[in-house]
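A quick write-up on the structure given underneath.
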Amino acid sequence: MSPLTAILVRDLRIAMRVGGGALMGVLFFLVVVTLTPMALGPDLTLLQRIGPAILWLAALLASLLALDRLFAADHKDGSLDLILLGRAPLELVVAVKALAHWLTTGVPLIIAAPLIGLLLNLDAGAEAALVLTFLVGTPALTFIGLIGAAIAVTLRRGGLLLAVLVLPLAVPVLIFGVAAANAAVAGPVPFGTPFTILCGLTLASLVVGPFAAATALRQEIE
Amino acid sequence: MRLSAFDLACRRGGRDVFAGVGFSVGAGEALAVRGRNGAGKSSLLRMVVGLVRIAGGRLDLEGGDPELTMGEQAHYLGHQDALKPSLSVSENLRFWSSFLGAVSADDGGALAAVGLEALAGLPAAYLSAGQRRRLSIARLLAVKRPIWLLDEPASTLDGTAQQELSGFMRAHLAAGGLILAATHGALGIDGAHELRLGGAQ
């Protein structure tokens with residue numbers, strides 16, 4: 001097993017086991033979305049109009065939930081020291097950890113979104129568009145969050161700082177994710193315009209996130 | 001292979017921990033780093049692997065692999081055991097031997113050497129402090145690296161395990177490795193050099 005495969009397998013195993021928190025994000029997502037129609041009442045037109053926005057907001061908050069433990073857990077038990085002594089480049093290790101995190105928190109959101117969309121009166125076309133924006137947009141949330149997780153690694157209660165750091169950076173992803181989903185339903189812009197920008201944001205975060213996070217980790221481990 | 005330090009200085013949190021520290025350890029030699037609490041023993045070891053910035057002086061490694069950093073040729077056994085409680089004993093060891101780059105790691109042999117082969121399937125959460133330490137030591141045996149940096153390696157180990165650890169260290173030295181160990185007790189190695197930190201202050 002190569003070092004990077006070893007990290008991926010380990011992080012997936014830990015997330016799946018007791019206390020790993022793989023399903024916490026998606027459960028939180030389901031609860032938040034379920035509460036919305038209860039708070040707003042059975043106004044189907046209103047729900048349909050704000051549905052994509054609610055789903056995206058819930059996904060953003062859900063993807064932040066387990067993020068603070070991404071590096072903090074490894075720092076606390078001394079694993080991070082040894083990871084820095086490995087021969088695999090830290091940037092790649094960090095990217096693989098983010099991939100494992102996305103597979104265990106992002107992918108369940110993508111699977112749950114069309115089911116929970118029924119509660120918000122989304123039709124089939126809107127749901128397909130929404131799933132597509134989730135598929136492209138949730139990796140960006142993870143890789144942007146990666147930077148915050150690396151900066152907050154040595155703090156005992158880093159979760160709060162993480163949210164404050166990461167949420168503003170995630171604003172463009174939120175705007176264009178919701179815009180693309182809405183465009184598919186109502187127009188007037190074609191779906192492709194905001195969706196292409198969302199793809200661009202994701203590609204940028206995939207490049208910037210690991211380098212920024214690795215730099216932050218090297219500074220923090222002193 | 002020879003690891004030498006000249007006039008090393010360490011500064012942490014705005015406080016000078018030590019300055020003017022020098023030593024030289026060759027292949028097959030061990031250096032016991034001694035000093036009172038807070039003298040900078042752990043900082044010195046972390047500095048050698050590159051986890052603490054060198055505030056002054058320099059570190060040289062002759063005869064090492066020029067493609068690799070010092071940390072990539074060293075094993076660091078710190079205070080923390082770097083074990084995941086939800087993974088089993090063998091999964092923990094397998095991860096580190098794969099990650100630290102053993103081509104053909106002898107995980108089974110390493111577990112047997114530290115006396116944990118009967119517990120291979122047990123989640124690490126159920127291990128005692130001494131067993132956790134022994135599992136960490138198994139990492140050093142499974143993956144061959146020439147430099148061992150041991151921070152209080154014998155803490156939490158019982159008498160038998162301490163003697164076994166001394167045996168592992170002697171075998172490592174006999175194979176041409178070198179050891180830096182921060183310790184208050186005896187290392188159990190004949191002819192180990194000694195470096196005392198904080199003596200001048």
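Each value in this text was obtained by applying a stated rule to the coordinates, not by laboratory testing. The structure presented is a predicted model; accordingly, all values stated were derived computationally and were not measured. As a convention, Cβ positions derive from the backbone with ideal geometry for all residues, glycine included, and neighbour counts pool all protein chains shown.
Worth pointing out:
- Taking the Cα centre of the protein assembly as shown as origin and assigning +1 to Lys and Arg Cβ atoms and -1 to Asp and Glu Cβ atoms, the resulting dipole is close to 620 debye.
- For the stretch B:1-90, the list of GluC sites (Glu not before Pro) that fall in a loop by DSSP and count at most 15 other C-beta atoms within 10 angstrom reads B:Glu67.
- Exposure proxy ranking for A:Ile7, A:Ile221, A:Ile175, based on other Cβ atoms within 10 angstrom of each Cβ and starting from the fewest, stands as A:Ile175, A:Ile221, A:Ile7.
- Radius, Kirkwood style, for the stretch B:85-190 when every pair of distinct Cα atoms is counted (Å): 14.1
- Only lysines eight or more places from B:Lys84 in sequence, or on another chain, were considered; those with a Cα closer than 16 Å are A:Lys76, A:Lys97.
- Taking a straight line from the alpha carbon of B:Lys144, these aspartates and glutamates sit under 14 Å away, with near neighbours fewer than eight places off in the same chain left out: B:Asp65, B:Glu72, B:Asp106, B:Asp107.
- Other-chain or far-sequence residues with amide H under 5 Å of B:Arg196's (modelled H): B:Arg34
- Percent RCO, i.e. relative contact order, over chain B, from Cα pairs under 8 Å lying at least 6 residues apart: 31
- Backbone geometry of the stretch B:76-84 corresponds, through the Karplus equation with coefficients 6.51, -1.76 and 1.60 at θ = phi - 60°, to 3J(HN,Hα) couplings of 10, 10, x, 5, 8, 8, 6, 10, 9 Hz, x marking Gly and Pro.
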